[in-house]
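Below is one structure, written out as structure tokens, with a few remarks after it.
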Amino acid sequence: MDYTIASTVLPAMLHYTGGTFDAWWITTLVIIAQALLIAFSTKATQAFNAMAVTLELIGMSCLVVLLFVVGWYRHSLISRCCSTPAR
């Protein structure tokens, strides 16, 4: 596909007459650009995922603490847990 872009699509879009040598050089540049894009996007994705997991852990921990605080404040944390069922 990269060679097709270099040998067919670009000459038609940019209105120039390309040869085999030009197509190979353009293909090489496209492949290098793709490799750089993959390398940098992988690092960026890894950093973003690490940040997202950290934020999720912090959020879930805060939610658990908040639920315990609300249960303690409403006095329903221990009473529901340790009460005997009515007969």
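The values are calculated or read from the model by the stated rules, or taken from the named source; none is laboratory data. Bear in mind the structure is a predicted one, so any value in this text is a computation, not a measurement. For neighbour counting, all protein chains shown are included, and Cβ atoms are generated from backbone atoms with ideal geometry for every residue, glycine included. The protein model used for the area step is the full one, side chains on, heavy atoms only, and it has no ligands, DNA or RNA in it. Shrake-Rupley method; radii C 1.70, N 1.55, O 1.52, S 1.80 Å.
List of remarks:
- For first residues located in the range 11-29 and touching a residue at least 12 places away in the same chain (Cβ under 8 Å), partners that are surrounded by 10 or more Cβ atoms within 10 Å (Cβ to Cβ) and lie 6+ apart or on another chain with Cβ distances below 6 Å form the pairs GLY18/PRO11; ALA23/ALA6; ALA23/SER7; ILE26/ALA6; THR27/ASP2; THR27/TYR3; THR27/ALA6.
- Positions within the range 17-65 being of a type outside the set (Ser, Thr, Tyr), over 26 Å from the mean Cα position of the chain (by Cα) and open to solvent by 100 Å² or more (accessible area, probe 1.4 Å), in sequence order: PHE21, TRP24, TRP25, LEU29
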